[in-house]
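The values are calculated or read from the model by the stated rules, or taken from the named source; none is laboratory data. Computed from a predicted structure; not experimentally measured. Glycine gets a Cβ as well: all are built from the backbone with ideal geometry, and neighbour counts include every protein chain shown.
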Amino acid sequence: MDLIAIAVPFFLLALLIELFVDRIRGTGHYRANDAINSLSAGTLSTTFGYFTKIVPTVIWAYAFEEFALIDMPLAWFDMSPTGLLLWLVAMLAWDFCYYWSHRCGHEISILWASHAVHHQSEDYNLSTALRQTSTGFLFNWIFYLPLFLVGFPPEVLITVNSLNLIYQFWVHTQHIGKLGVLDRIFVTPSNHRVHHAQNEKYIDRNYGGILVLWDRLFGSFQEELDNDPVVFGVRKPLSSWNPFWANAQVYAYLWFDAVRTRRWRDKLGIWFRRTGWRPQDVEARYPKHRSDIRTFRKYDPPLAATLRYYLIGQFLVAVAGILWIGQLYASQGLAVVTIPCLLLWVQLYTLGMISDRRKNAIVFELGRLNLVLPSGVLAIVMTTSILANDARTWFVVVLYALLSSAWLRLASNVTAMQNLD
Ligand SMILES: [Zn+2]
Ligand SMILES: [Zn+2]
């Protein structure tokens with residue numbers, strides 16, 4: 001059973017509580033632009049996943065049906081002592097595969113291209129936990145294939161996968177310090193902060209999902225040191241709030257090098273070499289800047305307060321949108337959520353543009369509100385029955401578009417989009 005959809009409201013509640021604590025303590029672990037970007041990446045990952053999870057699902061199901069070595073009926077996984085032991089074995093086995101999936105996700109270029117999304121945030125809070133890739137469907141399934149081949153029932157494995165991911169949520173916080181012996185057994189806030197660091201000493205450490213014991217076993221453990229405070233983020237910064245570019249950036253860099261390098265061996269090999277490796281000829285011709293941790297500054301283009309409030313308000317609309325889409329998907333399937341997802345993606349894109357203070361961001365956002373949104377809603381009412389084609393629906397859509405447009409014009413005129421440029 002996929003428990004993640006059920007957990008989402010609790011995630012959001014915990015995030016609000018952490019935000020409240022952050023404000024009370026004045027710790028400054030949240031910036032609106034960074035948190036919105038992380039949650040946008042998470043929203044994109046979830047909704048994109050509706051369309052792509054067919055890939056692992058079909059492959060896993062086929063492997064299980066055709067090649068499972070041991071016949072393990074689902075009924076074995078009950079609440080009896082033996083059943084609970086089997087659950088524990090499945091959880092451990094999944095966590096072991098997660099460790100290797102995650103480790104390769106850092107150490108092999110094409111896999112890092114996908115996983116990098118989770119690490120681009122230069123803040124560290126519960127919103128970082130929801131910052132997930134949209135391209136995990138391409139290769140991640142490979143690492144769990146052995147478990148389906150062994151014969152664990154897919155229902156059990158899907159459940160332990162969601163438990164594994166749900167566990168990892170709480171460790172993305174700076175409000176919990178060291179936890180003593182627990183830091184040496186389980187993945188905890190302290191040792192996962194190390195994992196999100198760009199400090200030289202912390203790079204490629206602590207890959208575990210639930211147990212950090214794997215890292216201790218396979219030599220990738222590093223504890224958080226008081227004399228080396230964590231600097232969060234990646235060494236080739238994203239420097240953008242566009243959630244689509246967040247997913248494409250590292251693939252684009254690899255493609256850039258693959259096209260320009262002369263040797264065919266490098267054109268193909270670059271994708272599978274150690275992360276960071278570049279062919280000598282492109283390295284010489286197109287040297288890349290790596291951020292220096294001593295002079296590192298977070299990406300933070302200034303935005304007038306009125307526009308920031310506009311962004312937050314519109315992002316809350318997007319959150320309502322994803323919750324609505326999630327329910328629709330669960331009850332009515334993929335076909336009906338296609339257009340709502342497209343509308344949501346356009347919204348995430350334009351909000352990213354405003355955050356980045358891109359030229360034409362305001363024009364794009366006005367276009368979304370007054371052109372894309374009504375056209376999308378018209379397409380929805382014509383092709384599905386999820387929205388009534390009545391006066392009330394159109395009243396809400398037009399009112400939202402008009403009020404938002406007025407708010408946006410006011411925010412961008414009165415304040416400082418121009419002044420800041
Ligand atoms: Zn990672
Ligand atoms: Zn993480």
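Restricting the stretch 194-214 to residues that are within 12 Å of ligand 1 (Cβ to nearest atom) and assigned to a helix (DSSP H, G or I), which is nearest to Val117 (Cα to Cα)?
Once the filter is applied, the top-ranked residue is His195.
Yes or no, residue by residue, for (1) within 30 Å of Phe232 (Cα to Cα); (2) in the same structural domain as Gln198 (by TED's automatic domain parsing); (3) surrounded by 13 or more Cβ atoms within 10 Å (Cβ to Cβ):
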position	(1), (2), (3)
Arg263	no, no, no
Ile293	yes, no, yes
Phe296	yes, no, yes
Tyr309	yes, no, yes
Ala318	yes, no, yes
Ile322	yes, no, yes
Leu328	no, no, yes
Ile339	no, no, yes
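Every residue, every condition in (1) within 16 Å of ligand 2 (Cβ to nearest atom); (2) under 30 Å from Lys298 (Cα atoms), yes or no:
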{"position": "Pro73", "(1), (2)": "no, no"}
{"position": "Leu92", "(1), (2)": "no, no"}
{"position": "Asp95", "(1), (2)": "yes, no"}
{"position": "Gly105", "(1), (2)": "yes, yes"}
{"position": "Trp112", "(1), (2)": "yes, yes"}
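Do any residues in the stretch 284-300 that are under 16 Å from Val230 (Cβ atoms) have Cβ atoms under 7 Å from those of residues that are surrounded by 12 or more Cβ atoms within 10 Å (Cβ to Cβ) and not basic (Lys, Arg), where the two are at least six apart or on different chains, and which pairs are they?
Between residues of the stretch 284-300 that are under 16 Å from Val230 (Cβ atoms) and residues that are surrounded by 12 or more Cβ atoms within 10 Å (Cβ to Cβ) and not basic (Lys, Arg), the close pairs are Ser291/Pro237; Ile293/Gln198; Ile293/Asn199; Ile293/Val231; Phe296/Val231; Lys298/Glu122.
Would a scan of the stretch 328-337 turn up a residue that is touching a Cys at 6+ places or on another chain (Cβ under 9 Å), among the hydrophobic types (A, V, I, L, M, F, W, C) and either modelled with pLDDT under 95 or within 20 Å of Gly42 (Cβ to Cβ) (or both)?
Among the residues of the stretch 328-337, not one is touching a Cys at 6+ places or on another chain (Cβ under 9 Å), among the hydrophobic types (A, V, I, L, M, F, W, C) and either modelled with pLDDT under 95 or within 20 Å of Gly42 (Cβ to Cβ) (or both), which makes the answer no.
From the list Arg216, Arg193, exactly one residue is over 30 Å from Asp356 (Cα atoms) and at pLDDT 95 or above. Which is it?
On the way: Arg193 fails: over 30 Å from Asp356 (Cα atoms).
From the options Arg216, Arg193, the qualifying one is Arg216.
If the Cβ limit is 6 Å and pairs must be 6+ apart or interchain, which residue in the stretch 191-215 that is away from ligand 2 (no atom under 14 Å from the Cβ) pairs with which residue that is acidic (Asp, Glu)?
Going by the 6 Å Cβ cut-off, the qualifying pairs are Asn199/Asp228; Lys201/Asp228; Leu211/Asp95.
Do any helices (runs of 4 or more DSSP H) lying entirely in the stretch 103-153 carry at least 3 residues that are within 24 Å of Thr173 (Cβ to Cβ), and which ones are they?
The qualifying helices (runs of 4 or more DSSP H) are 126-129.
So, in the stretch 84-99, how many residues would count as being within 16 Å of ligand 1 (Cβ to nearest atom) and either among the hydroxyl-bearing types (Ser, Thr, Tyr) or without any contact (Cβ under 8 Å) to a residue 60 or more places away in the chain (or both)?
The total comes to 3.
If you go through the stretch 31-38 one residue at a time, do you hit one that is within 16 Å of ligand 1 (Cβ to nearest atom) and part of a helix (DSSP H, G or I)? Let's see the steps before the verdict.
Filtering the stretch 31-38 down to residues within 16 Å of ligand 1 (Cβ to nearest atom) leaves 38.
Among the residues that remain, those that are also part of a helix (DSSP H, G or I) are: 38.
Yes, the stretch 31-38 contains a residue that is within 16 Å of ligand 1 (Cβ to nearest atom) and part of a helix (DSSP H, G or I).
Suppose we keep only residues that are of a type outside the set (Phe, Trp, Tyr) and within 14 Å of ligand 2 (Cβ to nearest atom) within the stretch 151-175. Which one would you say is farthest from Glu65 (Cα to Cα)?
My answer is Gln174.
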